[in-house]
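This report concerns only the one structure given below.
The values are calculated or read from the model by the stated rules, or taken from the named source; none is laboratory data. Because the structure is predicted, anything quoted here is derived from the model rather than measured. Neighbour counts run over all protein chains shown; Cβ positions are idealised from the backbone, glycine included.
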Amino acid sequence: MLTSFMSYLGSTLTPGSAGNQLWALIYVLIIFAGVSVTVMCMNWLERKALAHFQVRLGPMRVGPHGLLQPIADALKLMLKEDIIPAEADQFVFWVAPLIGLLAAFTVYTVIPFGPSQAVSDMNIGILFMLGVSSLGVLGIVVAGWASNSHYPLIGALRSSAQMVSYEVAMGLAVVSAILMTSMNVSGTGTLSMIGIVQAQQQQGIWFIFKFFPLGLIAFVIFAIAMVAEVNRAPFDLAEAESELTAGFHTEYSGLRWSLFMLAEYAAMIAVSAIAVTLWLGGWMRPFPNLLHAAAWDFIFSLFPGLTFGGLAAIAFIGTARMPTQSFFKIQRIGLAVFAALIGFIALFLLAIAVVAGLSADTSLVARFNQGIGYVYWFVLKVAVFMYLFIWYRATWPRYRFDQLMRVGWKVLLPISLGVLILTAIVGVIVS
Amino acid sequence: MNPAMNSALNSGMAPVATPWFFYALAGLAVASGLAVITRRNAVHSALALIVTLLSVAGLYLMLYAPFVAGVQIIVYAGGIMVLFLFVIMLVNIERSSKDRQFNRMWPVGLAAACALLALFVSVIVKGKAVLNDPITGKALWPDPMRLPESSNTQQVAAMLYGQAGRMGEYTFAFEIASLLLLVAILGAVIMTKKKI
């Protein structure tokens, strides 16, 4: 066991490709824990950001600036009574949230956080991701039906029609990006997630800028369709609270309801990761080909530490600005400890970057530092999308269902078909 | 042990495609397939059908056909089954569950299924020895092609669309099939719309 643990450390392959089951398990656990924690943080961030968009304060009571609110929420949801309606289909009602959760988390096996920072690299990576994430809708549909109640059923019907419609435009946009991978030197395209990023590296351009404006249009179509695909505002008709109380999960409560939330946020991260991988260069830092000197490598490797340092500074400023009454004393201490923790992480990352900058390129520290850089840039790009999801929700009113269908079939689909054909033509001409 | 597993063993990697997985997946497919026809509730049948389709996708993976497995998931389990459920949910379950589940023709259907099974078994048991091309004498059932996982999709594309200016082996058949699908789509639109 120890040998299989150690033997992978110097490897440049994913655990799946190296056939190392121990490290594959470790990666799976890290991703599972990381996504779950991220979902909790997103919960806090969304409530806070939405509140600030509406000139409110948002959660303020549980912990400094409501930082402990997600933990309180999670505790409440776990202790809450788990109600199964008497007329519901017991088994299907029970299994529905699990379908959504399984589909959302299975996708993470192929998400490339770095050239070797993925559980596995499948030759059919993007196909696998689209297929499995489309299974998530089954959870929603089946949940709405099993509740045996009017609003959930309408929510489920809406959601299935919406997902099936937007998947078409989404798939065509993805195909036009995959076409671009075949502009490689080798002349063959790829469906592998890692291969797609490497193709962008090889061609020296993010696919969003390739064949301008074709790549950009395909990206925008995907960015619209992916919001519909994960049922978020302004396309959240499956859970439109003004019309359907809570849509497909009206009858759900407690832990089961929170599983739906977990699945929704996990799916949001997953589709953002697809967009980042296909169009925004995945794990690559800005300008890897233009600014490729060792000095630039060092400067960019400082970014993770500096980001955490900035966060720590914000937390320290927050501590200093806390009210001075004795009532807030514990909160002040808590926030100061939190800031210090983030500060230590920042120092740790900076120290690694400096040590790696001084040592040889192939040393373990340097490789560790590289890995941090890959994951950092990938997560940063995904985080931008996650913030956009909140921003959309605060900004745009919900679509009416016929408008939604019109946009899907009569606007996005023809445009994405046109972009696909034009990409093929331009690709043939250029090569 | 087949040659592909041998080569996988020689290259130092344990093969994932072990018989254990085959029996687990095949058993799951058969069990959920039986559930599809025996459940009274149509939604339960549809869920069982999804399990069947997914385990068949797993079998494709074991046959070194990852692209087909991916398409199986995306088209059947993800697309068609959602539409199935969409329709089934609008059916009155209360009434339909009181309907008779099998009509009077079930013995005929059973006989036909058994005949098909017998045909499959006989082909597996002695097909390789018997089935030869009458003209060339070559076996009609050559050893299955095992393309490495890393280039499988690319090879499928080369067969369908051709490579380096040559037409692929199946380009013509592929185009005919897509034309057929296009006709079916147009037919569906014309039949459902009264006024176009």
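Here's the yes/no breakdown for (1) out of contact with any helix residue (DSSP H, G or I) (no Cβ under 6 Å at 6 or more places or on another chain); (2) of a type in the set (S, T, N, Q); (3) closer than 30 Å to B:Ala42 by Cα:
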residue: A:Ala103; (1), (2), (3): no, no, yes
residue: A:Asp121; (1), (2), (3): no, no, no
residue: A:Leu127; (1), (2), (3): no, no, yes
residue: A:Ser147; (1), (2), (3): yes, yes, yes
residue: A:Leu157; (1), (2), (3): yes, no, yes
residue: A:Ala161; (1), (2), (3): yes, no, yes
residue: A:Ala173; (1), (2), (3): no, no, no
Subset of segment B:63-94, residues touching a residue at least 40 places away in the same chain (Cβ under 8 Å), under 18 Å from A:Ala161 (Cβ atoms) and more than 9 Å from every other protein chain (Cβ to nearest Cβ), comes to B:Val91
By residue number, the members of segment A:151-179 that are within 10 Å of chain B (Cβ to nearest Cβ), touching a residue at least 24 places away in the same chain (Cβ under 8 Å) and under 15 Å from A:Ala240 (Cβ atoms) are A:Ala156, A:Ser159, A:Ala161
Within segment A:270-311, the count of residues that are under 28 Å from A:Val220 (Cβ atoms), surrounded by 13 or more Cβ atoms within 10 Å (Cβ to Cβ) and of a type in the set (A, V, I, L, M) comes to 10
With respect to A:Ser186, determine if the residue is of a type in the set (S, T, N, Q) and more than 30 Å from B:Ala164 (Cβ to Cβ).
-> no
For segment A:274-315, the count of residues that are assigned to a helix (DSSP H, G or I) and either of a type outside the set (Phe, Trp, Tyr) or closer than 17 Å to A:Gly114 by Cβ (or both) equals 23
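So that you can scan it fast, the table gives a plain yes or no per residue for (1) among the aromatic types (Phe, Trp, Tyr); (2) within 27 Å of A:Ser17 (Cα to Cα); (3) at pLDDT 90 or above; (4) in a loop (DSSP other than H, G, I, E, B):
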| site | (1), (2), (3), (4) |
| --- | --- |
| A:Leu179 | no, yes, no, no |
| A:Gly187 | no, yes, no, yes |
| A:Ile217 | no, no, yes, no |
| A:Val220 | no, no, yes, no |
Of all helices (runs of 4 or more DSSP H) fully inside segment B:1-78, the set with 2 or more residues that are modelled with pLDDT of 80 or more and farther than 25 Å from A:Phe128 by Cβ is B:19-38, B:42-62
A:Pro234 meets each of (1) surrounded by 21 or more Cβ atoms within 10 Å (Cβ to Cβ); (2) more than 14 Å from chain B (Cβ to nearest Cβ); (3) in a loop (DSSP other than H, G, I, E, B) with one exception, condition (1)
Would you say A:Gly114 is in a helix (DSSP H, G or I), under 30 Å from A:Leu191 (Cα atoms), more than 10 Å from every other protein chain (Cβ to nearest Cβ) and not aromatic (Phe, Trp, Tyr)?
no
Filtering segment A:1-42 down to residues that are hydrophobic (A, V, I, L, M, F, W, C), within 14 Å of another protein chain (Cβ to nearest Cβ) and over 28 Å from A:Leu259 (Cα atoms) yields A:Leu13, A:Ala18
Restricting segment A:181-194 to residues that are under 27 Å from the mean Cα position of the chain (by Cα) and more than 22 Å from A:Phe113 (Cβ to Cβ), the one nearest to the other protein chains (Cβ to nearest Cβ) turns out to be A:Gly189
Per the list (1) under 18 Å from the mean Cα position of the chain (by Cα); (2) modelled with pLDDT of 85 or more, residue check on A:Gln117 breaks on (2)
Apart from one, (1) more than 18 Å from the chain's Cα centre (by Cα); (2) assigned to a helix (DSSP H, G or I) all hold for A:Val271; the odd one out is (1)
The residue that is farthest from A:Met284 (Cα to Cα), considering only those in segment A:347-394 that are among the basic types (Lys, Arg) and under 23 Å from the mean Cα position of the chain (by Cα), is A:Arg393
Flagged pairs (Cβ under 6 angstrom, 6 or more apart or on separate chains; first in segment A:117-132, more than 7 Å from chain B (Cβ to nearest Cβ) and free of Cβ contacts under 8 Å to residues at least 60 places away in the same chain; second of a type in the set (A, V, I, L, M, F, W, C) and surrounded by 24 or more Cβ atoms within 10 Å (Cβ to Cβ)) are none
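If you check A:Gln200 against the conditions, is it at pLDDT 85 or above, within 13 Å of chain B (Cβ to nearest Cβ) and either within 19 Å of the chain's Cα centre (by Cα) or not in a loop (DSSP other than H, G, I, E, B) (or both)?
No: the conditions fail for A:Gln200.
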- Take A:Phe327 and decide whether it is under 18 Å from the mean Cα position of the chain (by Cα) and part of a helix (DSSP H, G or I). no
